[in-house]
Amino acid sequence: MKYEKHFSRKRVVIYVAAMLIVTCVLSMNKFFEVRLSGEKCVTKDAPYGKEGTRAFIISYSVVTFYIPCFLTWFTFADIALNLPATPKESAHETERKIQRALLRMCAIAAIALTVCGFPAQTIYILSPFGITKIGSSLHKGFNVLVLFNSCMNPFIYYFSNQEYRKRFKELIACKKPGYYGGDMELETQVSVGE
């Protein structure tokens, strides 16, 4: 199964650019809430008030975390439900195993994102209402969990995707792509029995 079959380079660039723009727009409230005092950044009252700050924080969290998380799980459920349960031919059985392994890899990554990100985003969304406090030990601990998720993803992909594993070995060994065999085209080959 090739990535190019479903996602053209142009479509991916458009998605990434759109997300970057939306994230920047939703994060620009910080420009109005912080000022430089000597050599330190000091928080000040935002010109749009407490309600504006709440709106920015809620919008940011909903658009950059909750909606993508929901869409990931919705897509995962749709794929899992529509994946054929029984193959019609033995040639399709191998493809079905690869699809299931890829689905498993995506599910593990989605579970890690949800478990690691949900508490920190919830604390962030509740902070302007005085329910939680940014900078508390609890918030810092959950932020470490979010960072841990970023560190965990390469391992998830390494242990469940042969192509990723091969390319990673080439990168570490400073070898040219294709050194360990195969062509230059990146295909999804997921480890089935690992």
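Observations on the model:
- Any hit, the range 53-73, residues being in contact with a Lys or Arg (Cβ under 6 Å, 6 or more places away or on another chain) and surrounded by 11 or more Cβ atoms within 10 Å (Cβ to Cβ): no
- If you go through the range 28-57 and keep only what is in contact (Cβ under 8 Å) with a residue 60 or more places away in the chain and touching a helix residue (DSSP H, G or I) at 6+ places or on another chain (Cβ under 6 Å), you end up with 53, 54, 57.
- Conditions (1) of a type outside the set (Lys, Arg); (2) in a loop (DSSP other than H, G, I, E, B); (3) modelled with pLDDT under 90: number failed by residue 163: (2)
- Among residues of the range 100-119, those that are modelled with pLDDT under 90 and over 16 Å from residue 73 (Cα atoms), counted: 1
- Within the range 98-106, one or more residues are hydrophobic (A, V, I, L, M, F, W, C), surrounded by 15 or more Cβ atoms within 10 Å (Cβ to Cβ) and under 19 Å from residue 67 (Cβ atoms).
- Some residue of the range 127-140 being of a type in the set (Val, Ile, Thr) and more than 30 Å from residue 50 (Cα to Cα): no
- Failed condition for residue 164, given (1) without any contact (Cβ under 8 Å) to a residue 12 or more places away in the chain; (2) over 15 Å from the mean Cα position of the chain (by Cα); (3) surrounded by fewer than 16 Cβ atoms within 10 Å (Cβ to Cβ): (3)
- Test: residue in the range 87-101 that is within 27 Å of residue 19 (Cβ to Cβ), among the acidic types (Asp, Glu) and in a helix (DSSP H, G or I): no
- First in the range 13-27 and in contact (Cβ under 8 Å) with a residue 12 or more places away in the chain and closer than 20 Å to residue 61 by Cβ, second anywhere and of a type in the set (Phe, Trp, Tyr) and surrounded by 10 or more Cβ atoms within 10 Å (Cβ to Cβ), Cβ under 7 Å, 6 or more apart: 26/56; 26/60; 27/60
- Matching residues in the range 128-158 - criterion: being among the hydroxyl-bearing types (Ser, Thr, Tyr), touching a helix residue (DSSP H, G or I) at 6+ places or on another chain (Cβ under 7 Å) and either loosely packed, with under 12 Cβ neighbours inside 10 Å or in a helix (DSSP H, G or I) (or both): 157, 158
- As for the range 69-76, it holds at least one residue that is in a helix (DSSP H, G or I), at pLDDT 80 or above, aliphatic (A, V, I, L, M) and out of contact with any Pro (no Cβ under 8 Å at 6 or more places or on another chain).
- The residues in the range 118-127 that are surrounded by fewer than 19 Cβ atoms within 10 Å (Cβ to Cβ) and of a type in the set (Gly, Ala, Ser) can be counted, and the count is 1.
- Qualifying residue in the range 52-62 (condition: closer than 28 Å to residue 121 by Cβ, at pLDDT 80 or above and more than 26 Å from the chain's Cα centre (by Cα)): yes
- Checking each residue in the range 1-29 for being at pLDDT below 75 and either farther than 30 Å from residue 163 by Cβ or outside any helix (DSSP H, G or I) (or both) picks out 1, 2, 6, 7, 8, 29.
The values are calculated or read from the model by the stated rules, or taken from the named source; none is laboratory data. A quick note: this is a predicted structure, and the numbers were derived from the prediction, not measured. Using ideal geometry, Cβ is built from the backbone for each residue, glycine included, and neighbour counts are taken over all protein chains shown.
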